[in-house]
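Engineer: Let me give you the structure first, and then I'll get to my questions.
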Amino acid sequence: QVQLQESGPGLVKPSQTLSLTCTVSGDSIATNDVSWNWIRQSPGKGLEWIGYISYLGNTYYNPSLKSRTSISRDTSKNQFTLQLNSVTPEDTAVYYCAQWIATLIDGFGSWGQGTQVTVSS
């Protein structure tokens, strides 16, 4: 019932800012005890957590990406966004948005289908 959809450019040039939007339907991003995450997967590699924004609007980032990452939200549109600055080809990956529910055993609930972002000149 809860659905997430990533959107944004599929091609970004080196040194530019990667910007993606996740649109959520079926649940408010301000719902108690839920946080909204960005995760990525590089070709041939595992998943890497990027960061999240909580139902209160608090943010937390992977320390390895913190200096380049900003997550924000627009509650009126039920959307949250990812900005990753100063990208390089190493940032090429499939980017996912995902719901985290604190009351679940695993924690992760619904995921978007993912969107490919390629960093290339």
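The values are calculated or read from the model by the stated rules, or taken from the named source; none is laboratory data. In this text the structure is predicted, and so the values were computed from the model without any measurement. When we count neighbours, we look across all protein chains shown, and the Cβ atoms used for this are built from the backbone with ideal geometry, even at glycine. Each accessible area value is taken on the protein alone, full model and side chains, heavy atoms only, with ligands, DNA and RNA left out. Shrake-Rupley method; radii C 1.70, N 1.55, O 1.52, S 1.80 Å.
Engineer: Could you look through the stretch 51-63, keep only residues that are without any contact (Cβ under 8 Å) to a residue 40 or more places away in the chain and in a strand (DSSP E or B), and pick out the one that is most open to solvent (accessible area, probe 1.4 Å)?
Structural biologist: Taking the candidates together, the pick is 60.
Engineer: Are there any pairs, at least 6 apart or on different chains, whose C-beta atoms fall under 7 Å, with the first in the stretch 110-121 and at positive phi and the second modelled with pLDDT under 95 and assigned to a loop (DSSP other than H, G, I, E, B), and if so, which?
Structural biologist: Short answer, once both residue conditions are applied: none.
Engineer: Search the stretch 22-39 for residues being over 11 Å from the mean Cα position of the chain (by Cα) and β-branched (Val, Ile, Thr), and hand back the single one that is farthest from residue 102 (Cα to Cα).
Structural biologist: 24
Engineer: Mind checking whether some residue in the stretch 108-119 is loosely packed, with under 13 Cβ neighbours inside 10 Å, assigned to a loop (DSSP other than H, G, I, E, B) and either among the β-branched types (Val, Ile, Thr) or modelled with pLDDT of 95 or more (or both)?
Structural biologist: yes
Engineer: Looking only at the stretch 1-48, how many residues end up being touching a residue at least 60 places away in the same chain (Cβ under 8 Å), among the aliphatic types (A, V, I, L, M) and open to solvent by 40 Å² or more (accessible area, probe 1.4 Å)?
Structural biologist: Selection size over the stretch 1-48: 1.
Engineer: Could you say whether any residue in the stretch 78-96 is touching a helix residue (DSSP H, G or I) at 6+ places or on another chain (Cβ under 6 Å), touching a residue at least 12 places away in the same chain (Cβ under 8 Å) and open to solvent by 40 Å² or more (accessible area, probe 1.4 Å)?
Structural biologist: So far as the stretch 78-96 goes, yes, one or more of its residues are touching a helix residue (DSSP H, G or I) at 6+ places or on another chain (Cβ under 6 Å), touching a residue at least 12 places away in the same chain (Cβ under 8 Å) and open to solvent by 40 Å² or more (accessible area, probe 1.4 Å).
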